[in-house]
Amino acid sequence: MLRIRFAAALAVCAATAAGQYCPASTTTGLCSTPDEYVSNVQFGAINNASPCFIGYSDFTGTVPAETVVAGQSYPITVTVTNYFSTDRVTVWLDADGDQVFEAHEATNIPLIGTPPAGGVATYSGAVSVAEQCQAVTGTRLRVVLAWNIADPQPACGSIGYGEREDYLVDVLPGGFCLSASAGPNLTLGVTGGVPGAAYVMALTLNQGAFPNGWWYGLDIPVFELLTEVNAGFPFFGLLDANGAMVLSFPFPNLGVVVYGVATEYQAPSYTHSRSAPPLAFGI
Ligand SMILES: [Ca+2]
Ligand SMILES: [Ca+2]
């Protein structure tokens, strides 16, 4: 069956106002034609079937949030009914929770097999969640079905044929992360690294100036950072079998703010770098 269709002009993808996700709409398509729609989304515990609807469908209030861990990937299957050739699917996960669907948050989901025109099509792939060290709750997964548009299928604005569906996702921190705390001791801890990989720990008094601050104990005016922590030089070493390490030592109350930076080294390059929140001492 041949259908003549015209692709709609695309609106610019952008956030609207703070606290809102960009609007999504379609300019054409009817269930009576019949035109294509997303009939099921399966992502973890989300397994949401929907009757024919063309446009924008918000399931954030009716389908419980799925929880994912940063740094891991998760399978997703999207079912499209009334399939038409050149229908494509992209999934956008706002993992950082800034309410903007950025380019790196898009995953194009491959079509499986060769479904007949007007039939049921299955798209199946995996969504990778980028490493991040903060938890994000109630963020958005947007499934986009659109016709005759080059990938990625747009998260925002108006399209011709298709449907967008929104779901809630909670993101737990994961991947290479640095934690820090200030008490009687200054404690810096790394988790989620590669077991046995080398690490370098840095401290700086001037966030953003790294590595021009205290670079693993060098360039340090504060009593030579306790004389390189009593000459143990603990600012570099190997991560343990869990990809973790903890550095903790007494730190004087000097009325300064310290920023920590941890870097993991896997030959031949530094592969991760994370900054810790500022730690106040005596302020
Ligand atoms: Ca639907
Ligand atoms: Ca985002």
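The values are calculated or read from the model by the stated rules, or taken from the named source; none is laboratory data. Keep in mind that this is a model prediction, so the values were computed, not measured. Quick reminder, even Gly has a Cβ in these numbers, built from the backbone with ideal geometry, and neighbours come from all protein chains shown.
You will find that of 206, 253, 242, 185, the residue that is among the polar types (S, T, N, Q), modelled with pLDDT under 60 and in contact with a strand residue (DSSP E or B) (Cβ under 9 Å, 6 or more places away or on another chain) is 206 and no other.
Just to be sure, is residue 97 modelled with pLDDT of 95 or more, surrounded by fewer than 20 Cβ atoms within 10 Å (Cβ to Cβ) and under 11 Å from the mean Cα position of the chain (by Cα)?
Numbers: modelled with pLDDT of 95 or more: yes; surrounded by fewer than 20 Cβ atoms within 10 Å (Cβ to Cβ): yes; under 11 Å from the mean Cα position of the chain (by Cα): yes.
When the stated conditions are applied, residue 97 passes them.
Here residue 130 clears all of (1) part of a strand (DSSP E or B); (2) within 16 Å of ligand 2 (Cβ to nearest atom) except the condition numbered (1).
Looking across the stretch 100-126 at every residue that is surrounded by 15 or more Cβ atoms within 10 Å (Cβ to Cβ) and among the hydroxyl-bearing types (Ser, Thr, Tyr), the one that is farthest from ligand 2 (Cβ to nearest atom) is identified as 122.
Candidates are the residues of the stretch 76-97 that are closer than 14 Å to residue 169 by Cβ and not hydrophobic (A, V, I, L, M, F, W, C); the one that is nearest to ligand 1 (Cβ to nearest atom) is 94. Residue count for the stretch 152-177 satisfying the condition of being surrounded by fewer than 22 Cβ atoms within 10 Å (Cβ to Cβ), more than 19 Å from the chain's Cα centre (by Cα) and not small (Gly, Ala, Ser): 0.
How many residues are hydrophobic (A, V, I, L, M, F, W, C) and surrounded by fewer than 16 Cβ atoms within 10 Å (Cβ to Cβ) when one looks only at the stretch 18-64? Outline the logic, then answer.
Taking the stretch 18-64 first, the residues hydrophobic (A, V, I, L, M, F, W, C) are 18, 22, 24, 30-31, 38, 41, 43, 45-46, 49, 52-54, 59, 63.
Filter once more, so that each one left must be surrounded by fewer than 16 Cβ atoms within 10 Å (Cβ to Cβ): 18, 30-31, 45, 49, 53.
Here the count works out to 6.
The residues in the stretch 133-157 that are farther than 18 Å from residue 38 by Cα, part of a loop (DSSP other than H, G, I, E, B) and within 16 Å of ligand 2 (Cβ to nearest atom) can be counted, and the count is 3.
Assess whether residue 20 counts as being within 16 Å of ligand 2 (Cβ to nearest atom), among the polar types (S, T, N, Q) and either closer than 21 Å to residue 153 by Cα or modelled with pLDDT under 95 (or both).
Working: within 16 Å of ligand 2 (Cβ to nearest atom): yes; among the polar types (S, T, N, Q): yes; either closer than 21 Å to residue 153 by Cα or modelled with pLDDT under 95 (or both): yes.
So residue 20 passes the test.
Is one or more of the residues making up the stretch 64-71 within 16 Å of ligand 2 (Cβ to nearest atom) and modelled with pLDDT of 95 or more? Yes, the stretch 64-71 has at least one match. With respect to (1) more than 22 Å from residue 177 (Cα to Cα); (2) surrounded by fewer than 23 Cβ atoms within 10 Å (Cβ to Cβ); (3) among the aromatic types (Phe, Trp, Tyr), the lone exception for residue 74 is condition (1).
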